[in-house]
Amino acid sequence: MRIAAFVCVAAAATMVSLPSFAETVTIKFSHVVAPDTPKGKAAERFKQLAEERAKGAVKIEIYPNSQLYKDKEELEALQLGAVQMLAPSLAKFGPLGAKEFEVFDLPYIFPTKDALRKVTDGPIGKSFFDKLETKGIKGLAYWDNGFKIMSANKPLKTPADFQGLKMRIQSSKVLDAQMRQLGALPQVMAFSEVYQALQTGVVDGTENPPSNMHTQKMHEVQKHATVSNHGYLGYAVIVNKAFWEGLPADLRTTLEGAMKEATQYANEIAQKENDDSLAAIKASGKTEIYELSEAERQAWRKVLLPVHEEMAGRVGKELIESIYKATGASN
Ligand code: LMR
């Protein structure tokens, strides 16, 4: 009887310890955009690759469209461990105290995507991720969206056209300075609230790559948009550091491999997604799309480039100069 009881207890103990090997790790991946955007599709690709390769050891739950959290809340949720993975836009790291990320928002700092890639894939991109670690966050990858267009209910051909317009921005001081430089009144607002704010006139306009504008149906409530390509919007895929480092090493390696491929995929599809969205906005007939002439583009640059110097105190003069050097641009 005693022996039988002992065997039972021993078996129960084994059973209790077993699940820690067989247990499925759940990763909640929260984001604010639609599933059919560069970020939404790359998140799905990561899920598919990771789950396939981990053979039941991991489940990736994706929560798009601010379903779980809005911009600011999702960063708090990551730090608290309520979600494990995010891909916020690089313009949203300032409130975390990582002000240097706002360098990505400087108007015209990246002449091309290749120039941008030199920064994200080089020592500067790595140093940004190193800095995040002090905040309990680990950076895994940089994902593209694209260059931004400006929209409003009036044509935006010259900087003077922005005078007095209330423009929604992300929570970046550089974007705030950019809009003020144009004579507009910037208003920080969560992405999930932009459509309604445009519809009701709480703000007059905004900026975003075409993929975000189209998938949030902002084109239905904006009569004009200008393909200005004045600034870049991209993402950092981040995880809760303690969670990540607590994963079994082999699972982490599998996830890193899946992330690498999802990143290549994200950066391959982003341009086409934006081109298709711009074409769809044009085809909708709801928003008139304006392409700047070379002279107009130069006029925008002239007004916006001083933002680099104005924001040097915030993001770092040396950092801005090291970006000019890495990209070969001489602003
Ligand atoms: C925005 O808030 O405008 C964008 O950052 C949304 C996104 O994640 O692309």
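Answer yes if at least one residue in the range 89-97 is out of contact with any Asp or Glu (no Cβ under 8 Å at 6 or more places or on another chain), under 23 Å from LYS41 (Cβ atoms) and part of a strand (DSSP E or B), and no otherwise.
Yes - at least one qualifying residue is present in the range 89-97.
Considering only the range 276-323, state which residues are in a helix (DSSP H, G or I), among the hydroxyl-bearing types (Ser, Thr, Tyr) and surrounded by 15 or more Cβ atoms within 10 Å (Cβ to Cβ).
Once the filter is applied, which keeps residues that are in a helix (DSSP H, G or I), among the hydroxyl-bearing types (Ser, Thr, Tyr) and surrounded by 15 or more Cβ atoms within 10 Å (Cβ to Cβ), the range 276-323 yields SER277, SER322.
Filter the range 132-158 for residues that are buried (at least 18 other Cβ atoms within 10 Å of the Cβ), away from the ligand (no atom under 16 Å from the Cβ) and either on the phi > 0 side of the Ramachandran plot or not in a strand (DSSP E or B) (or both) and give the result.
LEU132, LEU156
Considering only the range 284-300, I want to know if a residue exists there that is at pLDDT 95 or above, within 22 Å of the chain's Cα centre (by Cα), under 30 Å from PRO155 (Cβ atoms) and of a type in the set (Ser, Thr, Tyr).
No, the range 284-300 contains no residue that is at pLDDT 95 or above, within 22 Å of the chain's Cα centre (by Cα), under 30 Å from PRO155 (Cβ atoms) and of a type in the set (Ser, Thr, Tyr).
So VAL119 passes all but one of these: (1) within 16 Å of the ligand (Cβ to nearest atom); (2) assigned to a helix (DSSP H, G or I). Which condition number does it fail?
(1)
Quick check, is VAL103 closer than 26 Å to ALA190 by Cβ and in a loop (DSSP other than H, G, I, E, B)?
It is false that VAL103 is closer than 26 Å to ALA190 by Cβ and in a loop (DSSP other than H, G, I, E, B).
The values are calculated or read from the model by the stated rules, or taken from the named source; none is laboratory data. In this text the structure is predicted, and so the values were computed from the model without any measurement. Cβ sites come from the backbone with ideal geometry, for glycine too, and all protein chains shown count toward neighbours.
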